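For reference, the structure discussed in these notes is given below.
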Amino acid sequence: MKLTLKIWRQKNAQDKGAMVDYKIDGIEPDMSFLEMLDVFNEQQINTGGDPVAFDHDCREGICGMCSLFINGEAHGPDRGVTTCQLHMRMFKDGDTITIEPFRAAAFPVVKDLVVNRSAFDRIQHAGGFVSVNTSGNTIDANTIPVNKQDADAAFDAATCIGCGACVATCKNSSAMLFVAAKVSQYALLPQGQVEAVDRVLNMVKQMDDEGFGNCTNTGACEVECPKGISLENIARMNREYLSASMKG
Amino acid sequence: MALDSKIPDGAIADKWTNYKDHINLVNPANKRNLDIIVVGTGLAGGSAAATLAELGYNVKAFCFQDSPRRAHSIAAQGGINAAKNYKGDGDSVYRLFYDTVKGGDYRARESNVHRLAEVSSNIIDQCVAQGVPLAREYGGLLDNRSFGGTLVSRTFYAQGQTGQQLLLGAYSAMNRQIGRGKIKMHNRHEMLELVIIDGKARGIIARNLITGEIERHSAHAVVIGSGGYGNVFFLSTNAMGSNATAAWKIHKKGAFFANPCYTQIHPTCIPVSGDHQSKLTLMSESLRNDGRIWVPAKLEDAKAIREGKKKATDLAEADRDYFLERRYPAFGNLVPRDVASRAAKERCDAGFGVNKTGEAVYLDFAAAIKRYGAEAAYVKSLDANDSALITKLGTEIVKSKYGNLFQMYYKIVDEDPYTSPMMIYPAVHYTMGGTWVDYNLMTTIPGCFSIGESNFSDHGANRLGASALMQGLADGYFVLPYTIGDYLAPDIKMGAISTDRPEFVEAENSVKELIANFMDNKGTHSVDYFHKKLGKIMWDKVGMARNEKGLNEAISEIAALREEFYKDVKVPGTDKGFNQELEKAIRVADFLELGELFAKDALHRNESCGGHFREEYQTEEGEALRDDENFAYVAAWEYKGKPSDAVLHKEALVYENIKLVQRSYK
């Protein structure tokens, strides 16, 4: 396949950045999108150019490191996948592909296509945990049965990979889906109920402090989420927040 | 230097308890005067950092990723073992201990493995208390499944994302301590040197990967939890960034490196598709609970399939060879990974492979779909003769068990595994070798500890499924927090260690020099060019099967490649900022040394055991032929300037509780 790549190039956080056009040839349909970028970078290095920086690690859709806004969509045109699982068979010979970083004020660009998603970590520091000691001196795990439906729903929320596609795709750059997934996981389990009130208040406050926008129920986050995290979680978080506000 | 494993006296079941009763403790008020550096934040490093901080130590944690949550432990799929005997199928601490030592082909240290089995139950309790959503039965209790190499159901899981959930549990525990200020987290930092003062590990030199700044960090002890070195093969199931640098740097500073040739080849991975491939994707071993592995029984059928003239589903039952079930009736598809991998390679080498390159076998779910479908039809009183209905019901059940894995396969291969069998082939997965540690998990450098996959102690020559997560969390949550206290007790009055000491200056200068050499090199080839070449040598000559000739060739080829690398590598850009090519160059430089030691270790071990298969040492039936008389030891290598000069030290493995027998899964 022959392709035209329009790639966002930005030297560092201070640099203004711009789109740059490149031509590339010899791309196979069974390459992953990131392997296509590997080939691109190899050519850049061999011809004295500057390889493009992009985040990636596990390349099997679970670490959440890869990002990329491809042709105006977080993780590109395929559904239910991360960029590392996107394959070139989704594109046609002669296509022009626009590749940008995830854009949000709370995700500053580090270089080229790499952004800093530490804001997600700081939201977790504010309450994304159960305050249990890690000594191993806890009760037997089967002492508190957990209804299978609740355990499964908690699991579904917990599968969020923290990639930030929800933020990148939201017109308000809202982090509601991400935060709601974490709040939901704990809200659905008996463990950690004790601190449920503080958790949701603290995490929502931190989310606001980081500069993420508000949720206006557009639902784009759910559509672009590679892990199918559902909007129901936002509804659940809103209920948790409301009840916590009244108790608090 | 003689190796002292410091195994406590007493009966195996009492060692850990007696040890804990007699070690030195650090008063809670003194813990806040002690600093500990933890490198790596996966299951081992993350759980260690959280627990040490909770105990009161000041922890400085480092990871190369942008967040601890992205460590590659997150990709583990199938499950974690624990001897809870919830199923009442005969499991016990002793059985878990026994299975692990046997599975490791009697090359693990008994005392460490027993301790691992003892604390395994605590891990499950701990994770559930943290809010990790492990799979449940309808009654609300935890569910289990079975895994390769065992005859009991002791594996706890969260669909095919167990590693993710356990890691997020450890990450949440870390977050709590980061929020309290007890852990100082350094994301996007890479450890590039160990600092030793008066013979003890007292700090590290790290590079800030965003700014390029070289930083000095001091501590009273340094813990390495940086994972394995499977990426020495270039293609592996490891994350792209997984590297050996932290472990290799401490090796060069005096930590012995043990059993580097023990590498697990995982039998169920998506096969290589072409030269551009950047990594291999694993399909969880749990699939072998329901998937049947086969190849065509006739060569002409295999050929027709490779040429696209026939499909898997065209072959009648009688024309299929379920080779694992045929060769190993007792364990069938659930034989351990090394046995399953070799059997698949043997069939493919004999010409029965089913993909274009001839390097794939089938993993078939048709029988499971039919079985589950019939069961569901019976329960729902539906027509058991309606095959479309049976298939539909069965597919739903298989989907609920392995849905995410099937989706992953579909996205990569572009074929629906519900209707045509998956194609799989063995790939490099987990490394059982690593830095040598004593019972305290301390390396041969005082004050430098190594935990999880980066040490060598618990898995022997082969790792059973669902035991890596167990070891990572056992080391981090429950073992290191005791042993490190014993070491630190005499240090309570020491106070903070200045980073102005000459040892820090010297270590920093050596890092700067290494980087400057790369940046000034006017080479012609990219880092990946060399990494791929190394990977090819490793796979062809030091891979699933090894022989003396190939290993000798590999040793000289790797040494030559290393020389070429330093002369001809090209690292673009600048060292003053974010530079992924520079990061790779530093890592590949270490792989180029480790690969040679790896081959040297494989060459000296004149036997076959677990993941180490020497072609010269096999039974008439093609099974691994161990030599307990001459090789029942840990091979710990001491660095002497270059891999070819490394000196071998032996730790004899003493089995007091398990009789060494030929492993049989028949």
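The values are calculated or read from the model by the stated rules, or taken from the named source; none is laboratory data. Small disclaimer: the values here were computed from a predicted structure and weren't measured. Glycine gets a Cβ as well: all are built from the backbone with ideal geometry, and neighbour counts include every protein chain shown. All accessible areas refer to the heavy atoms of the entire protein, side chains included, with ligands and DNA or RNA removed. Shrake-Rupley method; radii C 1.70, N 1.55, O 1.52, S 1.80 Å.
Considering only the range A:111-169, state which residues are of a type in the set (Asp, Glu) and more than 7 Å from chain B (Cβ to nearest Cβ). Listed by number, the residues that qualify are A:Asp112, A:Asp150, A:Asp152, A:Asp156. If the condition is being open to solvent by less than 80 Å² (accessible area, probe 1.4 Å) and assigned to a helix (DSSP H, G or I), then the range A:224-248 contributes A:Glu224, A:Asn233, A:Ile234, A:Ala235, A:Arg236, A:Met237, A:Asn238, A:Glu240, A:Ser243, A:Ala244, A:Ser245.
The condition (being within 27 Å of A:Asn147 (Cα to Cα), within 9 Å of chain A (Cβ to nearest Cβ) and over 18 Å from the mean Cα position of the chain (by Cα)) is satisfied by just one residue among B:Arg154, B:Arg136: B:Arg136.
Return yes or no: is A:Thr82 of a type in the set (Ser, Thr, Tyr), buried (at least 22 other Cβ atoms within 10 Å of the Cβ) and more than 23 Å from A:Ile62 (Cβ to Cβ)? Against the criterion (of a type in the set (Ser, Thr, Tyr), buried (at least 22 other Cβ atoms within 10 Å of the Cβ) and more than 23 Å from A:Ile62 (Cβ to Cβ)), A:Thr82 does not qualify. Being within 11 Å of chain B (Cβ to nearest Cβ), in contact with a strand residue (DSSP E or B) (Cβ under 7 Å, 6 or more places away or on another chain) and either buried (at least 24 other Cβ atoms within 10 Å of the Cβ) or outside any loop (DSSP other than H, G, I, E, B) (or both) is a property that A:Asp55 has.
Within the option set B:Ala496, B:Ala554, being touching a strand residue (DSSP E or B) at 6+ places or on another chain (Cβ under 9 Å) and open to solvent by less than 20 Å² (accessible area, probe 1.4 Å) holds for one residue only, B:Ala554.
Scanning the range A:85-105 for residues that are of a type in the set (A, V, I, L, M, F, W, C) and buried (at least 23 other Cβ atoms within 10 Å of the Cβ) returns A:Leu86, A:Ile99, A:Phe102, A:Ala104. Of the helices (runs of 4 or more DSSP H) that lie entirely inside the range A:94-213, those containing 2 or more residues that are polar (S, T, N, Q) and farther than 18 Å from A:Ser67 by Cβ span A:176-187, A:196-209. Of the residues making up the range B:58-78, those that are out of contact with any Cys (no Cβ under 9 Å at 6 or more places or on another chain) and either at the interface with chain A (Cβ under 8 Å from one of its Cβ atoms) or farther than 18 Å from B:Arg463 by Cα (or both) number 10. Among residues of the range B:489-501 that are at negative phi, those with a beta-carbon under 6 Å from a residue that is surrounded by 10 or more Cβ atoms within 10 Å (Cβ to Cβ) and modelled with pLDDT of 95 or more at least six positions away or on a different chain give the pairs B:Ala489/B:Asn24; B:Ala489/B:Val26; B:Asp491/B:His220; B:Ile492/B:Asn30; B:Ile497/B:Arg202; B:Ile497/B:Ser218; B:Thr499/B:Arg216; B:Thr499/B:Ser218. What about B:Ala589, is it of a type in the set (Gly, Ala, Ser) and within 21 Å of B:Gly241 (Cα to Cα)? Answer is yes for this residue.
Counting just the residues of the range B:52-80 that are more than 22 Å from the chain's Cα centre (by Cα) and part of a helix (DSSP H, G or I), which one comes out surrounded by the most Cβ atoms within 10 Å (Cβ to Cβ)?
Per the stated criteria, the residue is B:Leu52.
Listed here are the strands (runs of 3 or more DSSP E) enclosed by the range B:187-297 that have at least 1 residues being surrounded by fewer than 24 Cβ atoms within 10 Å (Cβ to Cβ): B:189-197, B:200-208, B:214-218, B:263-269, B:292-296.
Every listed requirement among (1) under 22 Å from B:Met538 (Cβ atoms); (2) open to solvent by 20 Å² or more (accessible area, probe 1.4 Å); (3) not aromatic (Phe, Trp, Tyr) is met by B:Glu621 save one, (1).
Scanning the range B:475-526 for residues that are hydrophobic (A, V, I, L, M, F, W, C) and part of a loop (DSSP other than H, G, I, E, B) gives B:Ile492, B:Met494, B:Ala496, B:Ile497. For A:Ala158, the criteria (1) open to solvent by less than 10 Å² (accessible area, probe 1.4 Å); (2) touching a residue at least 40 places away in the same chain (Cβ under 8 Å) hold in every case but one, which is (2). With respect to the conditions (1) facing chain A (nearest Cβ under 8 Å); (2) modelled with pLDDT under 95; (3) open to solvent by less than 10 Å² (accessible area, probe 1.4 Å), B:Gly103 lacks only one, and its number is (1).
Right, A:Ser173: buried (at least 24 other Cβ atoms within 10 Å of the Cβ) and of a type in the set (S, T, N, Q) or not? Criteria not met by A:Ser173. Of the residues B:Ala374, B:Ala368, B:Ala350, which is in a helix (DSSP H, G or I), farther than 24 Å from B:Ala461 by Cα and touching a residue at least 40 places away in the same chain (Cβ under 8 Å)? Answer to the selection: B:Ala368.
Of B:Ser111, B:Ser120, all but one fail to be assigned to a helix (DSSP H, G or I), surrounded by fewer than 24 Cβ atoms within 10 Å (Cβ to Cβ), among the hydroxyl-bearing types (Ser, Thr, Tyr) and touching a residue at least 60 places away in the same chain (Cβ under 8 Å); the exception is B:Ser111. Scanning the range A:19-47 for residues that are more than 8 Å from chain B (Cβ to nearest Cβ) and either on the phi > 0 side of the Ramachandran plot or assigned to a loop (DSSP other than H, G, I, E, B) (or both) yields A:Asp25, A:Gly26, A:Ile27, A:Pro29, A:Thr47. State yes or no: is B:Gln471 part of a helix (DSSP H, G or I), surrounded by 24 or more Cβ atoms within 10 Å (Cβ to Cβ) and not basic (Lys, Arg)? Here the answer is yes, as B:Gln471 does meet what is asked.
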